[in-house]
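Accompanying notes for the structure given below.
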Amino acid sequence: MTNKYEKGRIIKALAGFYYIDDGKTVHQCRARGKFRKQDIKPVVGDFVEFQKGNHGDGYLMKILERKNVLKRPPIANIDQALLVFSRKEPDFSSVLLDKFLLLIEHHDITPVIIISKMDIQGDDHIMDYIHDYRNAGYQVIESSVRNNQGIEEIKALFKDKVTVITGQSGVGKSSLLNALDINLQLETSEISQALGRGRHTTRHVELMNLYDGYVADTPGFSSLELEMDPVEAAVAYHDFATLSYQCKFKGCLHDSEPNCAVKHAVEENKIAKERYEHYLSMLHEIKKRKEHFYD
């Protein structure tokens, strides 16, 4: 029997409608009731099968397998996250960046660290941090909207990918987006006015075309809760995951266990001590949360 359904990706979900891009056209669809019965909610980024409407709305029939999914903001099948942190105003926060990296890598999303406001000088050890993160295998881009620094390098990241942009509050994410594409300023304000965003509590996620890829226009990460097990946290960072194969004990948490490859790497200055200390703090937070859950 021939499958009469079309395939596409949800690029917007709003007021009970799902807008599905099949590569040529965007179709407005409603979801079948079976999703509510199965307690499955389609989200932006989902690859789906849908039935075209003859004279109106189509129907979303099936959600295809997800590579990953975030709860807040609700979005699926993300390829990469641009984590924007400023050099100054506000001051660079390595503890917050390390938390973002743990969450992002846990969801199998490739992080790219963007250090904004590099035109603001100061004795802030930012180059030491940049060296440490690059040494750990992360891509770090130094940027300045004022000097157009790093903008072309960032533009090249979007092709054929779904990207979320998040990070520290007040770092200039909007300014960065508008520097990447001057037309976004108009589109963003028009969307905001149409939805009454700011005046009401309407918050939605949408995928926008940018440099042959999609960028998620999201309300931001409303939660940074570490919803994972200690064993998952121990292998969330890509370099910790690689080293964990050399640990003496399977399921090593890189905490109090002997013959731990991660701890050896810290001692040999191959992993920044501060980053490891942040990991331990988050590990203890995860353990406490788990204990509280089972109390």
Item to complete: Test Arg66 against the criterion of being open to solvent by 40 Å² or more (accessible area, probe 1.4 Å) and within 28 Å of His284 (Cα to Cα), and give yes or no.
Response: no
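Just give me the residues in the range 54-68 being part of a loop (DSSP other than H, G, I, E, B) and either over 29 Å from the mean Cα position of the chain (by Cα) or hydroxyl-bearing (Ser, Thr, Tyr) (or both), in sequence order. Walk me through it before giving the result.
Within the range 54-68, the subset part of a loop (DSSP other than H, G, I, E, B) is 54-57, 64-68.
Asn54, His55, Gly56, Asp57, listed by residue number.
Rundown of residues vs (1) surrounded by fewer than 22 Cβ atoms within 10 Å (Cβ to Cβ); (2) touching a strand residue (DSSP E or B) at 6+ places or on another chain (Cβ under 9 Å); (3) modelled with pLDDT under 90, yes/no style:
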| residue | (1), (2), (3) |
| --- | --- |
| Lys37 | yes, no, yes |
| His55 | yes, no, yes |
| Leu70 | no, yes, yes |
| Ala81 | no, yes, no |
| Val84 | no, yes, no |
| Leu97 | no, yes, no |
| Ile104 | no, yes, no |
Practice prompt. For Phe85, indicate whether it is part of a loop (DSSP other than H, G, I, E, B) and closer than 20 Å to Leu177 by Cα.
Written response: no
Item to complete: Report the residue count in the range 1-18 for those that are closer than 16 Å to Leu64 by Cα and surrounded by fewer than 19 Cβ atoms within 10 Å (Cβ to Cβ).
Response: 5
Worksheet item: With respect to the numbered conditions (1) under 29 Å from Lys67 (Cβ atoms); (2) out of contact with any helix residue (DSSP H, G or I) (no Cβ under 7 Å at 6 or more places or on another chain); (3) outside any loop (DSSP other than H, G, I, E, B); (4) modelled with pLDDT under 90, which one is the sole condition not fulfilled by Leu177?
Response: (2)
Fill in: Whichever residue in the range 180-215 is at pLDDT 75 or above and surrounded by fewer than 13 Cβ atoms within 10 Å (Cβ to Cβ) and, among such residues, is nearest to Pro74 (Cα to Cα)
Asn209
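Count, please, the residues in the range 25-35 that happen to be closer than 14 Å to Gly58 by Cβ, open to solvent by 40 Å² or more (accessible area, probe 1.4 Å) and not hydroxyl-bearing (Ser, Thr, Tyr). First the steps, then the outcome.
Within the range 25-35, the subset closer than 14 Å to Gly58 by Cβ is 25-32.
Narrowing the set further to residues that are open to solvent by 40 Å² or more (accessible area, probe 1.4 Å) leaves 25-26, 28, 30, 32.
Next cut, not hydroxyl-bearing (Ser, Thr, Tyr) only: 26, 28, 30, 32.
The total comes to 4.
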Discussion item. Being closer than 15 Å to Phe17 by Cα and among the acidic types (Asp, Glu) is the filter here; which residues of the range 50-86 pass it?
Written reply: Asp57
Discussion item. Need the failing condition index for Val112 against (1) open to solvent by less than 70 Å² (accessible area, probe 1.4 Å); (2) assigned to a loop (DSSP other than H, G, I, E, B), just the number.
Written reply: (2)
Fill in: Checklist (1) modelled with pLDDT of 95 or more; (2) open to solvent by 50 Å² or more (accessible area, probe 1.4 Å); (3) in contact with a strand residue (DSSP E or B) (Cβ under 9 Å, 6 or more places away or on another chain) applied to Val140, failing item
(2)
Discussion item. Being modelled with pLDDT of 95 or more and either outside any helix (DSSP H, G or I) or touching a helix residue (DSSP H, G or I) at 6+ places or on another chain (Cβ under 7 Å) (or both) is the filter here; which residues of the range 260-269 pass it?
Written reply: Cys260, Ala261, Val262, Ala265, Val266, Glu268
Practice prompt. May I ask you to list pairs of residues, at least six apart or on different chains, whose Cβ atoms are under 6 Å apart, with the first in the range 259-279 being in contact (Cβ under 8 Å) with a residue 24 or more places away in the chain and the second being acidic (Asp, Glu)?
Written response: Ala272/Asp132; Arg275/Asp98; His278/Asp98
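The values are calculated or read from the model by the stated rules, or taken from the named source; none is laboratory data. Only a predicted model underlies this, so the values are computations on that prediction, with no experimental measurement involved. Don't worry about glycine lacking a Cβ; one is built from the backbone with ideal geometry, like all the others, and counts go over all protein chains shown. The accessibility values were calculated without ligands, DNA or RNA, using every heavy atom of the protein model including side chains. Shrake-Rupley method; radii C 1.70, N 1.55, O 1.52, S 1.80 Å.
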